[in-house]
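To keep things clear, I will list the structure first and then write my remarks on it.
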Amino acid sequence: MKLLDHLRLIPVSIEVPTPYPVCNPSVLATEKGWLALVRALDPVPYAAPGLPYLSSENWLIRYGADFQPVSKVRLNDDAVREICPETVNGLEDGRLFEWSGQLWALFSGLKRQGKAFLNTMLLARIEGDRLTDPVVIPSPKHQSREKNWMPWVRDGELLLVYSTQPMEIYRFDGSRLHLVHRGEKAFKGVKGLMSGSSQVIPWGEDFLAVTHHRSFAPLATRLVKKYVTHDPDYQRKKVRFSHYLLLMDRNFNVKGESPAFHFETQGIEFCAGLACRDGRVLISYGVMDEKAHILELEPASIDRMLNQPTHPRHFDRIAPRVSEHSKPTSVDLVVLNYRNFKTTAARCLDSLWPQVRDIASTVRMQLLDNGSPDGSPSDIREYARHHPGLEHECLAQNLGFAGGMNHAATTGHGEWLLLVNNDTVFAPGSLRHLLHALASAPSDVAAIGPVTNAAGNEQDYFLEGDANEILQAASLFSRQPVNRLFPVYRLDFFCVAIRRKVWEQLGGLDPAYGLGYYEDFDFSVRARQAGYRLMMCEDAFVYHQGGTSFKQSSTSKRLIRTNRDLFTARYPDVLLPHKRDGNLATLKLFEEMIQAGEGFTAFSERIALRKNALERSLPKSFNKRRRWKKAQAALLI
């Protein structure tokens, strides 16, 4: 199972100022935020060693509570390598942990002896930008290569997990190892020794870890790579790592294990970090000794993978609550018009004015015409004369969707930007619900969008009819609010609220996408790569006509293809999921929340509409349709 695809995740890359590739990071939750220890690998000494040489640099990155980087320092390990000859050629693959109120790392020290590589476990304290107080831990098995032990702090004692299959755990008293547990095989159907991966962290009343199993690629694959294609990277690609989540109680009994998964590739992947703070769970891993990534997993997703019931508190993380009593936030609302003002943007503005009257102190209204070649500019000036609260500007040329919104964003100062396309109509009460959502959103939520009748993702409820019929049917969203935000893989920018600090951090929309298409997906990916989340507000419905700026001509189709090619070239590893995938994921979340005791009434009509949408968007191929039907049948609601 490829975890990125299965859970629709986008990793955050770790970068440090070094010429070497970084890999195998270890993430740690602290009182003030997060830490990451990452290894920068110098591959040359491995190929042509000449003593003395250093195989690795170790960098410490500090993040704030919002997981934005604060500082990056290279750790000085000169004294450690001088004191401990077992580590003379470097400290590799450290695992961060806190013990007795201090910050520590458990490394595998490297010493080259002739053509052999010798590895010894070493414990060192981190003080500022240096490593100190090193302790070499001899192998309990008298092995010449010891790597990847898993630190576990329990009741103030430091435990070291030597292997997870069979389970073998030692207590370290500061100078010696003491065996405290030796158990049976934990993973059914997995052959051979399993040792190493992340730290072991508290998980409710239990403890959670990631462990891995190292195996070889199929023989035929190895032979082809070695003798047919002569793959220069054969030595790395012949090995595969499978990862597992492992849940244990404090007495070392295994309570749950996940199916095997890989993060990105069926090759060398190395997970050295697992951390949990304020309901956020981060996993850090390296890929092929040349990438260092961090993923955020929802606690509810971990419960599912372990086949454990989802704890109700975990839903408050994956689907944050919305309160109408939250402190109001300031919003710059921008309607972007291109052509046909009277039949598009005017209708949008007319739907907004009655809703803005009660909240005018927090919403700044702006209309920008994007170089319309028809009579829209004069119509806008006439409209603004009768609506003195509306700021307006008419550009001389079309800057495209990205360029137009970037221009409009420079004139305001609100905490949120609410970007609205001209072919939309706000259902009664939707703006109020959307503003409550913005005021309630956790700080790591970058953007929020409403649900609609026409979008390319799970925001689409597939309502049919003319505008009035759709808006009448959509009254249920405001009438029966669920008062929660729900996660999305990406957002459709027909209407989207973006936190201004994130907008400025990411540099707004990318004008490289020209007149339009895929600039919203691009922004969504960049936001998630920066560690932010994207949400939809189920209680706000905005009608979307679609196609008013671009008629489905050969020109628009060519623009879609061009921008899709641009997007996939930039993000070759990012999924382009069908909207039915997001729809099914949302239904599964509804199901879990209802099973955990969330009221069914608010969800009932939404469930019916989403299930109807699933039926309307079945895959065309027989095999895909059969698999999709099976996934639908697994729903219990």
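Peptide packing for 193-200, 74-81 was compared via the average number of neighbouring C-beta atoms within 10 Å per residue; ordered from the highest value, the list is 193-200, 74-81.
If both residues of a DSSP beta bridge must be in the chain, then about 80% of such bridges are antiparallel. The residue list 221, 251, 274 was ranked by how far each Cα lies along the charge dipole of the range 212-284 toward its positive end, using unit charges on Cβ atoms, and 221 comes out on top.
Highest average first, the peptides 310-320, 569-579 ordered by how many other beta carbon atoms sit within 10 Å of their residues are 310-320, 569-579.
Across the accessible surface of the chain, with the other protein chains kept in place and a 1.4 Å probe, carbon and sulfur atoms take up 51 percent. Which of the residue pairs 191/291; 2/620; 191/579 have a Cα-Cα distance greater than 31 Å in the structure shown? From 191/291; 2/620; 191/579, over 31 Å: 191/579. In the chain, the longest principal axis of the Cα atoms and the axis of helix 601-616 are about 90 degrees apart.
Restricting the range 124-201 to GluC sites (Glu not before Pro) that sit in a DSSP loop and have at most 13 other Cβ atoms within 10 Å of their own Cβ leaves 184. Between the helical axis of 376-385 and the dominant principal axis of the chain, each derived from Cα atoms, what acute angle in degrees is found, rounded to the nearest 10? The answer is roughly 80 degrees. Taking 7 Å steps out from each Cα toward its Cβ at residue 129 and residue 83 produces label points 2.0 nm apart. When the Cα gyration tensor is reduced to axis lengths a ≥ b ≥ c, the ratio a/c is 1.5 or higher for the range 191-313, and with a/b above b/c it is classed as prolate.
Extending 7 Å from the Cα toward the beta-carbon at both residue 467 and residue 635 defines two label points whose distance is 3.0 nm. Applying 1/(1 + (r/R0)^6) with R0 = 45 Å to the Cβ-Cβ distance of residue 326 and residue 564 gives a FRET efficiency near 0.70. Cross-link reach is defined here as a Cα-Cα straight distance under 13 Å, omitting same-chain residues fewer than 8 places apart; for residue 141 the aspartates and glutamates meeting it are 168. Under the classification rounded if a/c is under 1.5, otherwise prolate if a/b is larger than b/c and oblate if not, where does the range 351-422 fall, given a ≥ b ≥ c as square roots of the Cα gyration tensor eigenvalues? The shape class here is oblate. Dipole magnitude for the chain: about 2140 debye, using +1 per Lys or Arg Cβ and -1 per Asp or Glu Cβ, origin at the Cα centre. For the chain, adding -39500 (n - 2.57) for each run of n ≥ 4 DSSP H residues and dividing by the number of residues yields -7500 deg cm²/dmol at 222 nm. Would the range 440-530 count as rounded, prolate or oblate if I go by the C-alpha gyration tensor, calling it rounded below 1.5 in a/c and otherwise prolate when a/b exceeds b/c, oblate otherwise? Here the range 440-530 falls in the oblate category.
Relative to the current alpha-carbon distance between residue 224 and residue 385, full extension at 0.36 nm per residue lengthens the span by 50.6 nm. The label point for residue 605 and the one for residue 157, both projected 7 Å from the Cα toward the Cβ, are 5.9 nm apart. Number of Lys-Lys pairs in the range 210-283 with C-alpha atoms under 29 Å apart and a separation of 8 or more places or on different chains: 4. Over 46 Å, how big is the tail of the calculated P(r) for the chain, in percent of all Cα pairs? Distances greater than 46 Å cover 26 percent of the Cα pairs. Setting aside same-chain residues fewer than 8 positions from residue 147, which aspartates and glutamates have a Cα under 14 Å from its Cα? Reachable aspartates and glutamates: 86, 92, 93. Taking the C-alpha atoms only, the angle from helix 430-440 to the longest principal axis of the chain is near 30 degrees. Rolling a 1.4 Å probe over the protein chains gives residue 601 an accessible area of about 100 Å².
Net length available on complete extension from residue 623 to residue 505 is 38.1 nm, with 0.36 nm assigned per residue and the Cα-Cα distance removed.
On average, how much accessible surface per residue is there in the chain, in Å², for a 1.4 Å probe, leaving out ligands, DNA and RNA? Walk me through the numbers before you get to the answer.
Values: 27110 Å² over 637 residues.
The answer is 43 Å² per residue.
Dipole magnitude for the range 489-637: computed about the Cα centre from +1 point charges on Lys and Arg Cβ and -1 point charges on Asp and Glu Cβ, it is near 760 debye.
Can you spot the aspartates and glutamates whose alpha carbon is less than 20 Å from residue 342's alpha carbon? Ignore those fewer than 8 places along the same chain. Within the straight-line limit of under 20 Å, residue 342 reaches these aspartates and glutamates: 350, 369, 374, 379, 382, 391, 393, 423, 466.
The values are calculated or read from the model by the stated rules, or taken from the named source; none is laboratory data. Note that the coordinates shown come from a computational prediction; the quantities given were computed from them, not determined experimentally. So basically every Cβ, Gly included, is an ideal-geometry build from the backbone, and we count neighbours across all protein chains shown. For accessibility, only protein heavy atoms count, side chains too; no ligands or nucleic acids. Shrake-Rupley method; radii C 1.70, N 1.55, O 1.52, S 1.80 Å.
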